[in-house]
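Notes follow the structure.
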Amino acid sequence: MRLLIIEKSATLRHLLIRTLRSANLTETTIADGFRHGELLLKQPPDDQKFDAVIMGVPAGVTPEFESLLEHLSEPETWKLPVLLLSHEENAHLTEWNRIRPASEYLLWASFAEIPGAMSKLAPAEGEHPTAFHARILFVDDSKSVRESYRKILEDAGFTVVTAVTVQEGFKAAQEGVFDLAIIDYFLPDGTGDVLCARLRENPQSASITTAIITGAYREGIIKKCLEAGAIECMFKNEAKELFLTRVRTLIRTIEARESVEAERRRLDGILCSVGDGVYGVDNEGRVTFINPAGSDLLGYEGQDLIGELAFETLHYAREDGSPKADTECPLRQAYFSGDPMHAFETVFWHKERRPVPVECTVFPLSIQNRREGSVIVFRDIAERKSIEQLRWDATHDPLTGLANRQRFVERLADDIRVSKESDAYHALLYLDLDRFSFVNETAGNATGDQLLAQVGAALSAQLTGADMLARLSADKFVILIHDVELENVFTLADDFRAAVSQCSYEAGGKKRQLAASLGVALVSRDAESTDQIIEEARVACMIAKKKGRDRTHVYVPEHDYRIVRDLNAGWTRRLRDALKNDRFIFCCQPIIPTADLISDQLPETGHLWPQVVPEAPMFEVLLRMVGEDGRLLPASQFVPMAERVKVMPEIDLWVVSGMMRKLTAMGRAPAIFTINISNLTLQDAQVLPLIRSLLDGPHVDPRCIVFEITETSEITNIEAARKFIDELKAIGCRFALDDFGTGFSSFAHLKHLPVDFIKIDGVFVQNMAQSAIDRTMVTSIHEIAHSLGLETIAEFVGNAETARLLKEAGVDYLQGSYVGAIRRLDELDFGGMTAKIPNQPRLRVVKPGDDLSADGGPG
């Protein structure tokens, strides 16, 4: 290609020629000035015409320059490619360039784009200009408008695909390749700015240029569209010619941008190579050469590094300065093995003994099929690391390394937007560590911080797929789980609580386990905002704490009909299926009297039972449900939903019936068994005769049965509950008030319900050894119970120290992991055990309003 260069500045001519040579454009003729250039165009040397002209624009327009422009506008030179180079924008030249077909106008600051511009203006022999066939996505809900604009655009040579809605347009953009999207503002399922934003935010469609077309001129609409990423706003009442002019202008912009981007990538590769450090090593890892850029980056001069071992000189230590064994250095291993490495990040050490973060690529060097060492290309990434660190710091919690609240809220907002187009459910888990302030008080803040990091790691190990974990604040974590089945929410949540329970710390020379309360909020397509979802999960967590801590509560938004319907229907089906197929299992845990214990002889480890087998054995029957995946679900996972869908009375009947069959099969009562019964059952008049009939059999002594009234829900019909208790007590059954102290109206129930035992809630028992308040609460509850003639059972007894304190407080019975593990009923050996049954039922008839303190309690 013969080029005519017209530029007065020798420096700029030199830059221009060097740039052209890098693109193999070497056949050039230099004109002394504009007049000489015009003369050369009219009378070219050797009568060989020029293929293109590159011309520098003078600071001030001169007559010679104007004359040359006029000559280039004449018919015989009209199609001659011309590239104008200027130091600043010039309106006159911009217009000249727009009118003239074969010309380009660049600023000197963009001189790197010269080869690309010349290739486009004047392709080399055998090459053809690349035609830019623009593909346009046109979105409008009016069929007539779509067809009209499709014809206009296709007649102008564009390829057009149409869509009707936001969703259809977004889907088309994901499935096809488009340069420009023209979007109507008012669409059936949203507005055009929403589609603009979605296209911009999605990596697959982010490169599509977007424009809005509307029939109404409103500043608010225009502002919204521009903020959403549209770069043009068109109007349907414009003339067809103006519309096409706007489209062609956009396409030219897109074409120029893509051309510039391609050239930028090519030049970036060259510039990065020139600026990178490069050194070579032999098979022993000794430096054989290093380029000037490499020496400069590491602070060395000339050949200082030649012959030195690269490992011992450049990368002998970690970033913190601690020495690194040669066997721990992947880079050194690559020297010896001849293996390639790509984008490996490590630390090189500057001559001044300061670390330089670098990214290395290792190329094995072979000469005539013999390995002669390796070539290492490296670059300083300190600035990039600094930027990455700043970005990371802005979105992460420094203590745990988890996402922070800001990042989590952004992600949740994205998921809420996506969920509006799906029937899938997501779950937000709000996890609050129980009694964490106690950890800081007893073990110190440093231990507390270590524990938070430990919890973060344990929770992270439970994540799958696109799930997200964040530390919301202090001892509160949030987990976002995608695509959950409502029936499995409890199981998923309890898996995270179980992970927390594996975390432990030491305080006072003793190992202690963590526990957490967890609230769940469901995210559906009807979710309104991030604040709403997080607040619902927080409220659910607070309810879990009020119920006694270390448990899960799911927030069911009654206003969200779809969640309520699907949740209720799913659990109803699941529970009835479990009843139908006997997918419930009896487990039990021993309860032993403190009278059988000697405080100074209690073992510090292990379980009391079966080492201590009391004369009056007692066991609590604990129900487990076999999930559809075969896992055993604790009562905390299915009882709340069973009560919600009113299936709990059926389950209670199944339990009583099953226990009666087991006791009948044994032919005797080996122990006293306590059976939990729901408050719904307690108030159901139709269930009472059925339970009584089950207890009336000749092979079962009702006196070996103690029914535990659970405090999971409020008793609204005290009279019905009292009648239930009185009738069963009349045949010998006894009753215990469970979760006393934290449940619903515990003291009111104690006043009106004729129970025989009080089970002190574990929330007061677990930390008795550390909390004077808890010890006082336990002692007070026990004294109140004894004053009413009732016996007490302490739950959640976890160690010998707690057992001693409970015995000192006078508590009658102990239950918990220290007493004995929960085991399946079928696995227990009841040989030699015999229940110590009271001589007669303990009857207590109390009328509403009676003062129980008058005679010290029931007779």
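The values are calculated or read from the model by the stated rules, or taken from the named source; none is laboratory data. Quantities reported herein were computed from a predicted structural model and do not represent experimental measurements. Note: ideal-geometry Cβ built from the backbone for every residue, glycine included; neighbour counts use all protein chains shown. Just the protein is used for accessible areas: all its heavy atoms, side chains included, with ligands, DNA and RNA removed. Shrake-Rupley method; radii C 1.70, N 1.55, O 1.52, S 1.80 Å.
Quick look at the values:
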{"item": "Whole-Hz couplings from phi, Karplus 6.51/-1.76/1.60, listed for region 236-242; x for Gly and Pro", "result": "5, 8, 6, 5, 4, 5, 5"}
{"item": "Carbon + sulfur, % of accessible area of region 1-122 - ligands and nucleic acids excluded, 1.4 Å", "result": "50 percent"}
{"item": "Between 0 and 90°, nearest 10: helix 772-787 axis offset from the chain longest Cα axis", "result": "30 degrees"}
{"item": "Tilt relative to the chain, helix 166-175 - C-alpha long axis, 0 to 90 degrees, to 10", "result": "70 degrees"}
{"item": "For Val484, residues with placed amide H under 5 Å, excluding near neighbours", "result": "Tyr425, His426, Ala427"}
{"item": "For the chain: Kirkwood Rh in Å [reciprocal of mean 1/r, alpha carbons]", "result": "35.2 Å"}
{"item": "Exposure rank, largest accessible area first [Lys240, Lys646, Lys385; 1.4 Å]", "result": "Lys646, Lys240, Lys385"}
{"item": "Rg(Cα) / (2.2 N^0.38 Å) computed for region 171-210, rounded to two decimals", "result": "1.07"}
{"item": "Positive dipole terminus of the chain, leading residue within Val260, Ile725, Asn237 (C-beta point charges)", "result": "Ile725"}
{"item": "Whole-Hz couplings from phi, Karplus 6.51/-1.76/1.60, listed for region 678-686; x for Gly and Pro", "result": "6, 5, 4, 5, 4, 9, 9, 5, 6"}
{"item": "Exposure ranking of Val53, Val377 by accessible area [1.4 Å probe, largest first]", "result": "Val377, Val53"}
{"item": "Local electrostatic count at Thr77 - Lys and Arg +1, Asp and Glu -1, tallied over other residues with Cβ under 13 Å", "result": "-1"}
{"item": "Nearest 10 degrees, 0 to 90: helix 382-395 Cα axis against the chain principal axis", "result": "40 degrees"}
{"item": "Dipole moment magnitude, nearest 20 debye, region 483-596 about Cα centre, only Lys, Arg, Asp, Glu C-beta charged", "result": "480 debye"}
{"item": "Over region 597-734, volume per residue of the alpha carbon convex hull, in Å³", "result": "159 Å³"}
{"item": "Apportionment of accessible area to carbon and sulfur, region 359-409, percent (1.4 Å)", "result": "50 percent"}
{"item": "Most positive-pole-ward Cα, Phe638, Trp654, Thr664, against dipole of region 627-666 from beta carbon charges", "result": "Thr664"}
{"item": "At most 16 other Cβ within 10 Å, DSSP loop - chymotrypsin sites (Phe, Trp or Tyr not before Pro), region 164-241", "result": "Tyr217"}
{"item": "Global geometry of region 18-88, whether rounded, prolate or oblate, following the gyration tensor of its Cα atoms and the 1.5 cut on a/c", "result": "oblate"}
{"item": "Overall form of region 330-476 per C-alpha gyration tensor (a/c, 1.5; a/b vs b/c)", "result": "prolate"}
{"item": "Dipole magnitude of the chain about its Cα centre (Cβ charges: Lys, Arg +1; Asp, Glu -1), debye to nearest 20", "result": "1520 debye"}
{"item": "Test item: Cα-centred dipole of region 362-495, Lys/Arg +1 and Asp/Glu -1 on Cβ, debye", "result": "820 debye"}
{"item": "For region 583-595, Karplus couplings with θ = phi - 60° (6.51, -1.76, 1.60), whole Hz, Gly/Pro x", "result": "9, 10, 10, 8, 10, 8, 9, x, 10, 10, x, 5, 4"}
{"item": "Pairs from Lys8/Lys42; Lys545/Lys723; Lys8/Lys49; Lys646/Lys729 whose Cα-Cα separation, in the structure shown, is over 29 Å", "result": "Lys545/Lys723"}
{"item": "Ile793, Ile822, reordered so the largest accessible area comes first (probe 1.4 Å)", "result": "Ile822, Ile793"}
{"item": "Sparse-neighbourhood loop sites, trypsin sites (Lys or Arg not before Pro) in region 201-235 - DSSP loop, at most 13 other Cβ within 10 angstrom", "result": "Arg218"}
{"item": "Selection from Thr464, Val778, Gln48, by position along the positive dipole direction of the chain (Cβ)", "result": "Val778"}
{"item": "Solvent exposure of the chain as accessible area per residue, Å², 1.4 Å probe", "result": "48 Å²"}
{"item": "Among beta bridges that DSSP assigns inside region 168-319, antiparallel share in %, nearest 5", "result": "40 percent"}
{"item": "Value of Rg to Rh for region 735-788 (Rh from inverse mean 1/r over Cα pairs, i.e. Kirkwood)", "result": "0.97"}
{"item": "Separation of alpha-carbon centers, region 749-786 and region 32-102, rounded to whole Å", "result": "99 Å"}
{"item": "Per-residue SASA entry for Asp184, accessible area with 1.4 Å probe, Å² rounded to 10", "result": "10 Å²"}
{"item": "Heavy-atom accessible surface of region 522-670: percent carbon and sulfur, 1.4 Å", "result": "52 percent"}
